[in-house]
Structures are given as structure tokens and as C-alpha cells.
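Report on the following structure.
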Amino acid sequence: MNLANLQTKDLLKLQSEVIGELKSRGILRTMNNPVGDYAEWLVASALGLKLAKNSAAGHDAESEEGKKIQIKARRVSHNNKSRQLGAIRNLDKGDFDELVAVIFNESYEVVEAVSIPHSVIAEYSTYRSHVNAHILHLRGTLLSDSRVSDIRAELTREALQPLQKAGETSA
């Protein structure tokens, strides 16, 4: 399919249909920008976590042991190389035990993926009153901190697994 030959309304319709299909497969949970939902699904699938309800405050998933995980993601492009993650609200409340941060490239390939203990985030983030949240950039010394775990291999392995449609069983 040559996308350049499609009209704008047809491209938007196609995007909506793709988002709808990803939602029906359980990969996305909303019809919004897929970066966050895809990251949550990928992290939960790769690490054996259970996704929390969308309304859960301060965390996105839980381990079998009850560890609460917040998941943040960013998709970088040649036009926007920022590695700033979404706002981390109420950091002082301790609503999560670890933050899993994922950076995707334009093709949704995992470029960076780390697990950061809650206690480490305040050292590398900056509180911004105008958004009432801590802001964290996934770069520099944070990535080489011995308390931060690189989980890129696990996420990449999961992303490359063939996805079974609902009702299919493997032979």
C-alpha cells in the first residue's frame, strides 16, 4: 500500500482502524496516542506483570509479589529527540516502587528500557510547579547508575514475539 496516494481523510481513517484493531487485540487500552498503552502492554507482557485498572493512582502494573510499577514511555523521532518522560505526579506519596521507562524510535522499536527504583527518581528528576510534577529525562548518568536496571533485552524479545489473535492456540 502506497500511503502517499491516499487522501488525508483516508490516512486518518486507516490510523483509527489500526488503533481499533490494536485495542481489540488487547495491546492498547484506549483510543488515544498508542505510545503509553503500547509501553504498558509490552512491559507487563515482558515482565509478567498484571496491568492495573486505568483509574489506579500512581502505578500502571503490579508484580505477583505486589510491587507497584509506574510505566512511562517516549517515542523519539528525527524531528524530536527529547527523552523527557511524562510528568511524574505525587512522587512524595510513594504510589509506586519502581518506574519502568521506555524509549521507542519512530518504528516503535525499543531504543532504551530501564527499571528505576522509586528512591532514585528524586535524584535525577526536577520538580516543576507549573505542571505540579517531577520531570525526568532518560539520559546521562541516570542510565549508568548501578541502581538502574537495563531491561531492553527483555522488552525487545517480547516485542518480537508473534502475537496470537484472540481464540488462537499455538500448535
Please give the number of the condition K23 fails out of (1) within 15 Å of the chain's Cα centre (by Cα); (2) surrounded by 13 or more Cβ atoms within 10 Å (Cβ to Cβ); (3) basic (K, R). (1)
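Please enumerate the residues belonging to the range 67-92 that are under 19 Å from S149 (Cβ atoms) and of a type outside the set (S, T, N, Q). Break it down stepwise before answering.
Going residue by residue through the range 67-92, those that are under 19 Å from S149 (Cβ atoms) are 67-74, 83, 85, 88.
Passing the criteria: K67, K68, I69, I71, K72, A73, R74, R83, L85, I88.
So that you can scan it fast, the table gives a plain yes or no per residue for (1) over 30 Å from N90 (Cα atoms); (2) touching a Phe, Trp or Tyr at 6+ places or on another chain (Cβ under 8 Å); (3) surrounded by fewer than 12 Cβ atoms within 10 Å (Cβ to Cβ):
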residue: K9; (1), (2), (3): yes, no, yes
residue: L12; (1), (2), (3): yes, no, yes
residue: N32; (1), (2), (3): no, no, yes
residue: A39; (1), (2), (3): no, yes, no
residue: A56; (1), (2), (3): no, no, no
residue: H59; (1), (2), (3): no, yes, no
residue: E64; (1), (2), (3): no, no, yes
Complete set of residues in the range 8-62 that are among the β-branched types (V, I, T) and either assigned to a loop (DSSP other than H, G, I, E, B) or free of Cβ contacts under 8 Å to residues at least 60 places away in the same chain (or both): T8, V18, I19, I27, T30
Read through the list (1) more than 25 Å from A133 (Cα to Cα); (2) touching a helix residue (DSSP H, G or I) at 6+ places or on another chain (Cβ under 6 Å), then give the number of the only condition that A61 fails. (1)
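Restricting to strands (runs of 3 or more DSSP E) lying wholly in the range 95-151: which have 2 or more residues that are surrounded by 15 or more Cβ atoms within 10 Å (Cβ to Cβ)? Walk me through it before giving the result.
Numbers: elements: 98-104, 110-117, 126-128, 133-135.
Output list reads 98-104, 110-117, 133-135.
Values in this text are rule-based calculations from the coordinates and carry no lab data. Quick caveat, the model's predicted, so the values are computed rather than measured. Neighbour counts run over all protein chains shown; Cβ positions are idealised from the backbone, glycine included.
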